[in-house]
Amino acid sequence: MNTTLQRLLLFGIVIVVTGCDNVEWGGIDVSLRSPSDSLVSDRPPADAEVVGDTVQEGPSLGPVLYLGYRDGEEATLVPVAEIGPDGLSPIEGIGSVEASRAFASDHLTPGLQFTLFSEGAQIGSFSAESFSVDERYCRVRPQVRGQIQLIPTVSAVQKFLAAPAREGSQLGYGTYSPVAQTTELRNTSLRMALRVLRDVGVFFPGDVRDIRQDIQVFRARPGATPTVVATFVSDDDLAVGPAPREAYSIFLTADDDNGADYRRTYVDYRLSSLDGKGATRYFDHLDIDGDGSEEMVIEVMGEQSMWLSTLTRQGGDWVEDYRDPCGLAPTSSGLGR
């Protein structure tokens with residue numbers, strides 16, 4: 001067949017001969033049509049897998065936990081992890097700018113409704129409006145911005161956890177009732193920090209309150225005594241950025257389960273020169289897996305980015321349940337209970 005004719009047929013061009021069928025041609029009429037089914041590639045999408053003769057889509061996405069920051073009457077949410085039957089797991093398909101945009105395109109739509117939580121209780125709703133990418137984390141995440149509606153008693157809340165409304169309706173309990181920070185609870189955090197410094201052999205010459213950069217208290221389950229959570233940072237800030245070699249941070253929790261006295265239930269002591277920077281702060285808590293006990297969501301500040309982690313109660317102590325794959329592991333959770 002004539003080479004030119006082959007090319008025209010390949011691109012779906014139909015040729016009608018107007019001359020006789022001998023060697024001499026009287027001309028052609030050309031019309032364009034859509035390629036036939038035989039010319040359409042049968043290659044599966046990039047995120048699909050071919051098994052036998054069947055095209056299988058990539059893994060479906062289950063319920064996802066989000067964290068959010070308020071900005072007036074609006075807020076931004078970023079996904080933390082996927083909620084599964086065995087706890088939280090990293091979300092597949094995020095980790096780069098392109099992948100995060102694809103995640104937003106596939107799973108986030110304008111008008112998508114979320115339920116908001118603080119202190120383990122439902123506090124309002126969020127409606128998605130626009131989407132972007134959050135590059136503050138070591139694992140780039142999609143970001144959702146939209147309007148929030150909060151119940152009147154939480155007007156001062158600036159950060160919260162969230163889940164899509166269809167799953168969020170099953171989470172949270174009771175009413176919003178934050179625990180007051182008493183002098184006794186604040187002093188408990190100081191005693192715990194001094195014991196950590198003693199155990200690791202660090203002499204602190206001044207007032208340990210000078211390096212306490214965050215303290216929070218909450219109830220890990222209804223009716224429980226308050227859990228104390230505190231962050232101490234020396235020669236550095238509780239923020240992303242380079243740290244001097246002599247800098248160190250302490251993140252600790254303390255609980256009084258039997259009414260006798262508070263004891264340390266989690267410790268992460270990190271010396272910058274040996275362990276790298278990983279200054280941790282409490283974000284919020286929620287019974288994510290529905291077992292009647294709260295999980296704690298925390299943010300960890302490194303030198304160039306931050307990562308997310310969660311703690312859960314196990315055998316009376318707090319243990320790490322989830323950590324972003326790019327984050328540094330805790331250094332000394334079992335230090336001198």
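The values are calculated or read from the model by the stated rules, or taken from the named source; none is laboratory data. Just so you know, these numbers come straight off a predicted model, no measurement behind them. Neighbour counts run over all protein chains shown; Cβ positions are idealised from the backbone, glycine included.
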In the set Gly146, Gly124, Gly120, the lone residue that is touching a Ser or Thr at 6+ places or on another chain (Cβ under 6 Å) and not assigned by TED's automatic domain parsing to the domain that holds Ser234 is Gly146
Residues of the range 237-263 being surrounded by 21 or more Cβ atoms within 10 Å (Cβ to Cβ), small (Gly, Ala, Ser) and within 17 Å of Thr331 (Cβ to Cβ), in sequence order, are Ala243, Ser249
Counting only residues in the range 119-147 that are in contact with a Gly (Cβ under 6 Å, 6 or more places away or on another chain) and either among the small types (Gly, Ala, Ser) or at pLDDT 95 or above (or both), the one surrounded by the fewest Cβ atoms within 10 Å (Cβ to Cβ) is identified as Glu129
Condition check for Asp321: at pLDDT below 95, of a type in the set (Asp, Glu), surrounded by fewer than 23 Cβ atoms within 10 Å (Cβ to Cβ) and over 16 Å from Met192 (Cβ atoms): yes
Residues in the range 88-134 that are farther than 30 Å from Thr175 by Cα and in contact with a helix residue (DSSP H, G or I) (Cβ under 6 Å, 6 or more places away or on another chain) total 4
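In the range 252-273, which residues are of a type outside the set (Asp, Glu) and more than 27 Å from the chain's Cα centre (by Cα)?
Asn258, Gly259, Ala260, Tyr262, Arg263, Ser273
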Leu328: passes all of (1) in the same structural domain as Phe203 (by TED's automatic domain parsing); (2) surrounded by fewer than 19 Cβ atoms within 10 Å (Cβ to Cβ) but (1)
Inside the range 283-318, the number of residues satisfying the requirement of being in contact with a Phe, Trp or Tyr (Cβ under 8 Å, 6 or more places away or on another chain), closer than 16 Å to Ala230 by Cα and not acidic (Asp, Glu) is 9
Filtering strands (runs of 3 or more DSSP E) wholly in the range 191-273 for at least 3 residues that are among the hydrophobic types (A, V, I, L, M, F, W, C) and not assigned by TED's automatic domain parsing to the domain that holds Ser118 gives 212-218, 227-234, 248-255
Among the residues of the range 175-230, the number that are in contact with a helix residue (DSSP H, G or I) (Cβ under 7 Å, 6 or more places away or on another chain) and within 30 Å of Ile151 (Cα to Cα) is 6
field: Any chance Ala104 is touching a Gly at 6+ places or on another chain (Cβ under 6 Å), under 25 Å from Trp307 (Cβ atoms) and either of a type outside the set (D, E, K, R) or touching a residue at least 12 places away in the same chain (Cβ under 8 Å) (or both)
entry: no
Residue in the range 264-279 that is within 25 Å of Asp324 (Cβ to Cβ) and of a type in the set (Asp, Glu) present: yes
Filter the range 73-95 for residues that are touching a residue at least 40 places away in the same chain (Cβ under 8 Å) and of a type in the set (D, E, K, R); the one that is farthest from Ser155 (Cα to Cα) is Glu74
